């Protein structure tokens, strides 16, 4: 499965919004071409929530994943504590093992958001694609559940 197939899988999820800032948009140039995944059944980027996953396609300031190499992309997914521990063997807020965040096709703590339960994979391949798809589906479902809880609590919609 290629990165395009991973993206297509995400697009097919009910209520999914995959947002890609483009050149000339109001979004910072460093984000142009990146992808941000939301649960947004109305098709609008939510204003009060973070994405549940991203695909970063270029080097961001202080990025240690080697994304400045042509064609490299990093999938980052909010995994949650339990899944994070299962995949990495460490507690999110107690990361101690050094990692080569530029290594490809390996699930590891996100270089910046690992302490928050995020994992990342640079250029998913044979070893990690199935895990990435499962994580995307689970993160999407968790985002959907948070959206429903917000609606049921009477709080304003995230897109208002």
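Nothing in this text is a laboratory measurement; each read-out follows from the coordinates by a stated rule. Please read these numbers as outputs of a predicted model, since none were measured by experiment. Note: ideal-geometry Cβ built from the backbone for every residue, glycine included; neighbour counts use all protein chains shown.
Brief remarks on what is shown
- Segments 117-129, 41-53, 2-14 sorted - mean Cβ within 10 Å per residue, highest first: 117-129, 41-53, 2-14
- Per residue, the chain reaches -8000 deg cm²/dmol at 222 nm when only DSSP H runs of four or more residues are counted, each adding -39500 (n - 2.57).
- DSSP finds beta bridges in segment 26-126, and of those with both partners inside it, around 95 percent are antiparallel.
- For segment 1-83, the alpha-carbon coordinates run over 34, 34, 26 Å along the three principal axes, in decreasing order.
- Seen against the Cα atoms of the chain and their longest principal axis, helix 129-152 is set at about 30 degrees.
- Each listed q (0.13 Å⁻¹) maps to a log10 I(q)/I(0) for the chain from the Debye sum over equal C-alpha point scatterers, namely -0.61.
- Relative contact order, whole percent, for segment 3-152 stands at 20, derived from Cα pairs under 8 Å and 6 or more residues apart.
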